[in-house]
1. Tell me, which residue of the stretch 53-69 that is surrounded by 10 or more Cβ atoms within 10 Å (Cβ to Cβ), assigned to a helix (DSSP H, G or I) and among the hydrophobic types (A, V, I, L, M, F, W, C) is modelled with the lowest pLDDT?
2. It is to be established whether one or more residues within the stretch 33-52 are in contact with a helix residue (DSSP H, G or I) (Cβ under 9 Å, 6 or more places away or on another chain) and assigned to a helix (DSSP H, G or I).
3. Hey, can you tell me all the residues within the stretch 7-32 that are assigned to a loop (DSSP other than H, G, I, E, B) and either surrounded by 10 or more Cβ atoms within 10 Å (Cβ to Cβ) or touching a Gly at 6+ places or on another chain (Cβ under 8 Å) (or both)?
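The values are calculated or read from the model by the stated rules, or taken from the named source; none is laboratory data. Bear in mind the structure is a predicted one, so any value in this text is a computation, not a measurement. We place every Cβ from the backbone using ideal geometry, glycine too, and count neighbours over all the protein chains shown.
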Amino acid sequence: MALTKESPFQKALATIEALPSNQQMDLVEVIRRRLAESRRDEIAANIREAKVDYRRGQVKKGTLADLMKDLGS
């Protein structure tokens, strides 16, 4: 008989499935909020970086056609 090792992800799922449904729903909401906050932090960091690049003159300006031309080359 072969033993299979359960991954941490599988263990987490088993733990979650053992929770009552209302706690599972609460967990889903907590995870959604944390993911949204993480994404907001990432966007804010990108904005800060873009502002620094802009102040240093390291950004290009142009039209959509200019962008498409740059992407094509």
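1. Residues of the stretch 53-69 that are surrounded by 10 or more Cβ atoms within 10 Å (Cβ to Cβ), as a first pass: 53-54, 59, 62, 66-69.
Remaining after also requiring assigned to a helix (DSSP H, G or I): 53-54, 66-69.
In the following step, the residues that additionally are among the hydrophobic types (A, V, I, L, M, F, W, C) were identified as 67-68.
Numbers: 67: 89, 68: 92.
Here the answer is 67.
2. Here is the first cut: in the stretch 33-52, the ones in contact with a helix residue (DSSP H, G or I) (Cβ under 9 Å, 6 or more places away or on another chain) are none.
Within the stretch 33-52, not a single residue is in contact with a helix residue (DSSP H, G or I) (Cβ under 9 Å, 6 or more places away or on another chain) and assigned to a helix (DSSP H, G or I).
3. Within the stretch 7-32, just 19 meets the criteria.
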